[in-house]
Every structure is written in C-alpha cells, then in structure tokens.
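The values are calculated or read from the model by the stated rules, or taken from the named source; none is laboratory data. Values in this document were obtained by computation on a predicted structure and should not be read as measured data. Quick reminder, even Gly has a Cβ in these numbers, built from the backbone with ideal geometry, and neighbours come from all protein chains shown.
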Amino acid sequence: MSEAILLVGGKGTRLRPLTLNCAKPMIPTAGVPFLTHQLARLRDAGVTHVVLATSYRAETFSAHFGDGAELGLEIDYVTETEPLGTGGGIRNVADKLRSAPDEPVVIFNGDVLSGHDIAAQVAAHQERGADVTLHLVEVDDPRAFGCVVTDESGRVEAFLEKTPDPPTNRINAGCYVFKRSVIDGIPEGRPVSVERETFPGLLSSGALVLGHVDSAYWLDLGTPAAFVQGSRDLVTGRIASTAVPGPTGEKLVLPGGEVAIDAKVSGGTTVGAGAVVGRGAVVEGSVLLDGAVVEEGAVVRDSVVGAGASIGAGAVLEGVVVGEAARIGARNELLTGVRVWAGAELAEGSVRFSSDAG
Ligand code: GDD
Ligand code: MG
C-alpha cells in the first residue's frame, strides 16, 4: 500500500464562522492545520503518495503543504470546479493515481481523527481479496452517520446513510480501502455520493465489501463541540500525533503565545502564536487561535476563539465559537451553541445568563 486520497472538498457548514475563509481540514488543531495530523498518520502507516480531492477554498491546501516534501510525502492536488460529492471527488482524482487495477488505495474523509491501525485495515482487505473495506466504529447515536450492517464474516450487507432508525450502532468511520479498479468504475463527470450511490450499488451488484471493526480512538470533527474535543485530545495526548508541535500535556503554547503567571490554562488548551491570556483568566479545553486575546479574569471553556478575536475582562464563554477578529466586550456571558460571526462586536455586559454576574 502506498497511495491515499483525502476528501477535503466539503464546505464545513457546521463549523461556520471558522470555515468562512478556511477549509475545514485547514483549521489549526493542536498547533497545525487539522489535515497535518491525518497526513502524518498516513505517512507513518507507509503511505508515500497522497492526492487531495479539493473543492471549497482549494488554494489554501497547496499554499500550505506544497509538494508534501516537508512531511515526507508526495502530494498532488485536484480541484473540482463544481463540487462532485464524495464519490465524484474520488473518481475525479483517478488520473493522478499510480496503483495497478488490483492494488489497494486508502481513502479518508478529511475531518476524521482516527487512531486505528490503517495498515491492519489494508492487510484485512488484501487477505480477503475485497473490493472495498470500510473502517467501522461503534457510536452511541448512529443517526448522523452511515450505518453499516455486516454478517458474521464481516461482509457488508447494507449501508444506510443517515437513517432515522439505524438497525445497528456500527457506523462508517470514513476511512476506506478501495481496489483501484473500483475507483475507475465510479461514473465520471457528475456528482456521486459514495455513501448513497457507490456503496449501495456495489452491494447490489454482489461486490465483496468488508467491514473492518477497530475501536481505537475515533472522532469526526465536523461540529464545534467535536472540533474542540479533538483538539484537546491531541494536546493531552489522548490521541497520539507526531504532528503536534510540542510535548503533550495540559496545554500547548505556540511560540509567541503568552500566558500571565496567575492565569490557569488547562485541559488540553492551545494558545496560538501571539495569543495572550491575561491575569487571573481561566482557559480550559479550548482553542485560542493566533493573536486571540483573553483579558483579565475572563473564563473560556470548551470554546474556539478565532484569530485576532478578543474576550473582554470578566467575560464567561462556555462551548462558544468566536469568529476571527470579533470583540466580546467585558462581562458578557455566552453559553453553549453561540457563534459570534467574524468581526462582530458585543458591547460590554450586553449578554447575561445569570443575575449575579459581577
Ligand atoms: N472533494 C470533495 N467534493 N470532498 C467532499 C465533497 C465534495 O463535493 N463533499 C464532502 N466532501 C468531503 C468533506 O470535506 C469531508 O472530508 C468528507 O467528504 C465527508 O463529508 P462530511 O460533510 O464531513 O460528511 P459527514 O461527516 O456528514 O458523513 C460522512 O462521514 C461520516 C464519518 O465521519 C459519511 O461518510 C458518513 O457515512 C460517515 O459515517
Ligand atoms: Mg464529517
């Protein structure tokens, strides 16, 4: 196995406003664009050539990763002029692949943080001569995912994308091994969903589609809460990544980040380059992007503070996303689910959730 395709063309709607100017896989996560962690894992598993299937904000990928040499990879880029969906995106990069028809190609959704053994998945695929082998995980609520039904031998019997009443909690974890020839068989030049069209089509044609269960760490970082969780798990080392630029622990302070002596920064928080945490502030399990400022006595938990944004003195944020350069005035209280748009300004003390706040 030496080749992989990464699907990175989605708009990342659920992560707005962080994805307004930035593709989802390029959002800094534990100090580097999220995709870096996936690329490092693929390289460590023996992949040497990666093709990025891009669409939304395509230019940001090549501008950062170039030819891939810095990561010890060869990276090619293919951009869809109109989004082709997951299956169309895979088909669209076929010209860049070097594998022979029977050889395995690894495919990853670009927002999945997975500690599973990629090489073991490929080995299982090869051993059984499968057409496609899907990494499967078990989740509490499978409704937001592709539900995958297998028989005792691991053969996939049904693939039900985002079904309201899933028959099992085993889901598609977004990492596939495809026989190269199966990629060439996807229809060309039109949108195709690998989940809604390709997998069901392969099953009804009798192709051998296998499920490979591996219960190592797994997370889809597609929502703000999951994004923050993934970032802190990388910083604390709960999921290992050789791409984290520093030792793992309670916090990761990037060069040029500043934390006041009596501030408490913990729970896997990242303090970006040039970001500042003021006196007596508490920042837990959060992501402060470059140049973000948390002023004196503010409390920030499980939140993302965008580049150059500022959180005023005594403000309290829990489970919030603050867009780039937004200004949260002093003593505001923002709770779970709130998203402050890039550049927005909240006047001092204008949002409160309890009457006893200072
Ligand atoms: N190139 C390209 N073109 N990529 C795309 C396109 C497109 O038109 N649309 C989506 N993608 C990429 C996204 O960037 C993302 O990396 C991946 O395809 C999956 O899209 P998501 O939008 O994140 O899908 P999801 O999370 O709702 O569901 C998918 O992932 C789940 C596991 O995390 C499905 O594959 C589910 O079956 C699966 O359970
Ligand atoms: Mg996703």
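Can you find a residue in segment 188-206 that is of a type outside the set (Lys, Arg), more than 17 Å from Asn109 (Cα to Cα), under 19 Å from the mean Cα position of the chain (by Cα) and outside the structural domain of Ala275 (by TED's automatic domain parsing)? The answer is no, given that none of the residues of segment 188-206 is of a type outside the set (Lys, Arg), more than 17 Å from Asn109 (Cα to Cα), under 19 Å from the mean Cα position of the chain (by Cα) and outside the structural domain of Ala275 (by TED's automatic domain parsing). Filtering segment 121-162 to residues that are without any contact (Cβ under 8 Å) to a residue 40 or more places away in the chain and either among the basic types (Lys, Arg) or within 16 Å of ligand 2 (Cβ to nearest atom) (or both) leaves Val139, Asp141, Pro142, Arg143, Ala144, Cys147, Glu161, Lys162.
A quick yes/no check of all residues on (1) within 22 Å of Ala226 (Cβ to Cβ); (2) of a type outside the set (A, V, I, L, M); (3) not in a strand (DSSP E or B):
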residue: Ala273; (1), (2), (3): no, no, yes
residue: Gly291; (1), (2), (3): no, yes, yes
residue: Gly297; (1), (2), (3): no, yes, yes
residue: Gly308; (1), (2), (3): no, yes, yes
residue: Glu324; (1), (2), (3): yes, yes, yes
residue: Thr336; (1), (2), (3): yes, yes, yes
residue: Ala342; (1), (2), (3): yes, no, yes
residue: Gly349; (1), (2), (3): no, yes, yes
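For the subset of segment 78-109 comprising residues that are at pLDDT 95 or above and within 16 Å of ligand 2 (Cβ to nearest atom), which member is nearest to Pro187 (Cα to Cα)? Only one residue fits best here, namely Gly87.
Restricting attention to segment 33-48, the residues being over 19 Å from Pro245 (Cβ atoms) and either buried (at least 19 other Cβ atoms within 10 Å of the Cβ) or charged (D, E, K, R) (or both) number 1. Scanning segment 235-266 for residues that are over 24 Å from the mean Cα position of the chain (by Cα), among the hydrophobic types (A, V, I, L, M, F, W, C) and part of a loop (DSSP other than H, G, I, E, B) yields Ala260, Ile261, Ala263.
You will find that of Thr54, Thr86, the residue that is among the hydroxyl-bearing types (Ser, Thr, Tyr), crowded, with 17+ Cβ neighbours inside 10 Å, in a helix (DSSP H, G or I) and touching a residue at least 12 places away in the same chain (Cβ under 8 Å) is Thr86 and no other.
The residue of segment 102-117 that is farthest from ligand 1 (Cβ to nearest atom), among those that are out of contact with any Pro (no Cβ under 8 Å at 6 or more places or on another chain) and part of a loop (DSSP other than H, G, I, E, B), is Asp102. Screening Gly174 against (1) part of a loop (DSSP other than H, G, I, E, B); (2) closer than 21 Å to Gly9 by Cα leaves a single unmet condition, (1).
Scanning segment 128-171 for residues that are among the small types (Gly, Ala, Ser), outside any strand (DSSP E or B) and surrounded by 14 or more Cβ atoms within 10 Å (Cβ to Cβ) returns Ala130, Gly154.
For (1) within 14 Å of ligand 1 (Cβ to nearest atom); (2) modelled with pLDDT under 95, each residue gets a yes or a no:
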site: Leu136; (1), (2): yes, no
site: Lys162; (1), (2): yes, no
site: Arg170; (1), (2): yes, no
site: Ile183; (1), (2): yes, no
site: Gly189; (1), (2): yes, yes
site: Glu197; (1), (2): yes, no
site: Ser204; (1), (2): no, no
site: Val228; (1), (2): no, no
